[in-house]
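Comments concern the structure below.
The values are calculated or read from the model by the stated rules, or taken from the named source; none is laboratory data. Just so it is clear, the structure is predicted and the values come from calculations on it, not from any experiment. Neighbour counts are summed over all protein chains in view; Cβ atoms, including those assigned to glycine, are modelled from backbone coordinates with ideal geometry. These accessible areas exclude ligands, DNA and RNA; they are computed on the full protein's heavy atoms, side chains included. Shrake-Rupley method; radii C 1.70, N 1.55, O 1.52, S 1.80 Å.
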Amino acid sequence: MSWQTLFILFGLAIVADLVLTPALGGAIWLPYFSLLLLPFIFTFADPIPAGAVFIVEALIIWLATDVNIGIIVFALGILVLFERWLVPQLLHTSTWQATVIGALGIPLFALTFAALALVLPGEPLVATGRLIVGFFITTLGAAITTALLKNYYVS
Amino acid sequence: MIQKPFRFFIILLIVSALLFTLDQTRVFSAASSVAQDHLVAPVVTTGTHTIEEGSGFFASLLSFRNVISTLDEVEQERDFYRGEYLRLRAVDEENEFLRQALQVESGRQKLVLAEVTTYDTFQPNQEVTINKGSRDGIEAGQAVIVSGRTLAGIVRNVEETTSTVLLITSEEARIPVLLSASQTNAVVTGSATGVLRLDLVPREVPLTQEELVVTSGIAGTIPPNLPVGTVRRIIDDEAASFKRATVEPLAAVGTLRQVFVVTKL
């Protein structure tokens, strides 16, 4: 998969996030569509395109949630570490097991994000049921998306 | 794959701490406000509005069946209230009729309320039948009036429980009248077409359009000063001995439903 295709896909996910997820999120919404692409992108994409996606995603989450950007960058960095170091250490990235475990990077990101936002002072975050369900569905979506898209990457 | 995860983690920690501090001190607040107001918010608002409109559209399509059943209910309610409206209108007309009839001076006159039961459909302007007769004190020659005390006809034949009324528009009707302006006696007769004809007006008596014509009371059984009609068209033939005119009757004799018979003077 070329980086142009990757960016088109990511761009469509961002548009979907801006248009659809505010109606679903209520008081706080998160870019679920672009989040579910991250396990695939951070696992398989080249460093420079992955870095660009990292920066754009951090900005999107920052503008959507008003949470401190340092927390967002740290949580996304943990996700990158998980997808790009831990999972390949344990499994081959082309296996379905790696796909499933890679999708668990989403809850890892969510937990890191939530923990820091709750612990550090003055951060506006409320862990509502809607958020939890949103992350659960995003995790499933990430597994399915990675399973579908990695066939285009692994030739 | 990250070759040196520990170094990556340290760099991540430092960068995150730096960004955290800068954001806490509101260094980026201006930029984030501009980006939110001019970039994110318009797209979010447009998207949300589009989705709401779209979901409303699809909800409308899917609720078509509900719309049809609601329409049926509304039509049934409409039919019910239409019937109620007609009933209330009839009650209102009856009230108005009775209210005006009560304006008639009591004491010397007794009014008997009667309903028109039959019309001659081929000659509706000539004669009607009412549901009161001799048992109710009705006698031939008595005046029959409607709302506003206007003269509608004269009782012709009387049975025990019914009577026939000769309408003022009948060819056979001859009613002695008074011109309200000049206080001149004249006669009004009916015609086959339902138009009233004013006759026997002396030539020197001024006659004007819209002049009110009332009963004169000369006949004895018909009370005086009952409005009959208004002068419509004046026929002033210099060769004739008297002036003539057509008179527009005030009583709507073609649509009578309830009348009063003036039974005694």
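Among the helices (runs of 4 or more DSSP H) confined to the range A:23-95, the ones with at least 1 residues that are closer than 17 Å to A:Leu111 by Cα are located at A:32-35, A:38-44, A:47-65, A:69-81.
Quick grid of which residues meet (1) away from chain B (no Cβ under 13 Å); (2) modelled with pLDDT of 80 or more; (3) buried (at least 19 other Cβ atoms within 10 Å of the Cβ); (4) more than 16 Å from the chain's Cα centre (by Cα):
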| position | (1), (2), (3), (4) |
| --- | --- |
| A:Ala13 | yes, yes, yes, no |
| A:Pro22 | no, no, yes, yes |
| A:Ile28 | no, no, no, yes |
| A:Pro31 | no, no, yes, no |
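Taking the stated definitions as given, is B:Pro227 in contact with a helix residue (DSSP H, G or I) (Cβ under 7 Å, 6 or more places away or on another chain), modelled with pLDDT of 90 or more and of a type outside the set (A, V, I, L, M)? It is true that B:Pro227 is in contact with a helix residue (DSSP H, G or I) (Cβ under 7 Å, 6 or more places away or on another chain), modelled with pLDDT of 90 or more and of a type outside the set (A, V, I, L, M).
Taking first residues from the range B:35-56 that are within 9 Å of chain A (Cβ to nearest Cβ) and polar (S, T, N, Q) and partners that are in a helix (DSSP H, G or I) and open to solvent by less than 30 Å² (accessible area, probe 1.4 Å), the Cβ contacts under 6 Å between residues at least 6 apart in sequence or on separate chains come to B:Gln36/A:Leu63; B:Thr48/A:Pro22. Residue-level check: of (1) aliphatic (A, V, I, L, M); (2) at the interface with chain B (Cβ under 9 Å from one of its Cβ atoms); (3) in contact (Cβ under 8 Å) with a residue 12 or more places away in the chain, A:Leu63 misses just (3). Within the range A:138-155, the residues that satisfy the criterion of being surrounded by fewer than 20 Cβ atoms within 10 Å (Cβ to Cβ), at pLDDT below 80 and either assigned to a helix (DSSP H, G or I) or touching a Pro at 6+ places or on another chain (Cβ under 7 Å) (or both) are A:Asn151, A:Tyr152, A:Tyr153. In the range B:62-81, the count of residues that are loosely packed, with under 10 Cβ neighbours inside 10 Å and modelled with pLDDT under 70 is one or more. Answer yes or no as to whether B:Thr25 is facing chain A (nearest Cβ under 10 Å) and of a type outside the set (A, V, I, L, M, F, W, C). So B:Thr25 does not fit the description; no.
Scanning the range B:217-265 for residues that are in a loop (DSSP other than H, G, I, E, B) and touching an Asp or Glu at 6+ places or on another chain (Cβ under 7 Å) returns a single hit, B:Arg257. Exactly one residue among B:Leu18, B:Leu86, B:Leu98 is more than 10 Å from chain A (Cβ to nearest Cβ), without any contact (Cβ under 8 Å) to a residue 40 or more places away in the chain and surrounded by 11 or more Cβ atoms within 10 Å (Cβ to Cβ), and that residue is B:Leu98.
As a summary of the residue check, B:Gly254 satisfies the conditions (1) open to solvent by 30 Å² or more (accessible area, probe 1.4 Å); (2) modelled with pLDDT of 90 or more except for the one numbered (2).
Of all the residues in the range B:1-12, those that are modelled with pLDDT of 85 or more and more than 7 Å from chain A (Cβ to nearest Cβ) number 4.
Picking from residues in the range A:46-60 that are touching a residue at least 24 places away in the same chain (Cβ under 8 Å) and within 13 Å of the chain's Cα centre (by Cα), the one that is nearest to the other protein chains (Cβ to nearest Cβ) is A:Ile60. Search the range A:67-123 for residues being of a type in the set (D, E, K, R) and more than 9 Å from chain B (Cβ to nearest Cβ), and hand back the single one that is surrounded by the fewest Cβ atoms within 10 Å (Cβ to Cβ). The residue in question is A:Glu123. Modelled with pLDDT of 90 or more and either surrounded by fewer than 23 Cβ atoms within 10 Å (Cβ to Cβ) or assigned to a loop (DSSP other than H, G, I, E, B) (or both), is that true of B:Ala140? Yes; evaluated as a whole, the condition is true for this residue. For the range B:162-176, the set of residues classified as more than 33 Å from the chain's Cα centre (by Cα) and assigned to a strand (DSSP E or B) consists of B:Arg174, B:Pro176, listed by residue number.
When residues in the range B:187-203 are screened for being assigned to a strand (DSSP E or B), modelled with pLDDT under 90 and open to solvent by 10 Å² or more (accessible area, probe 1.4 Å), 3 of them pass.
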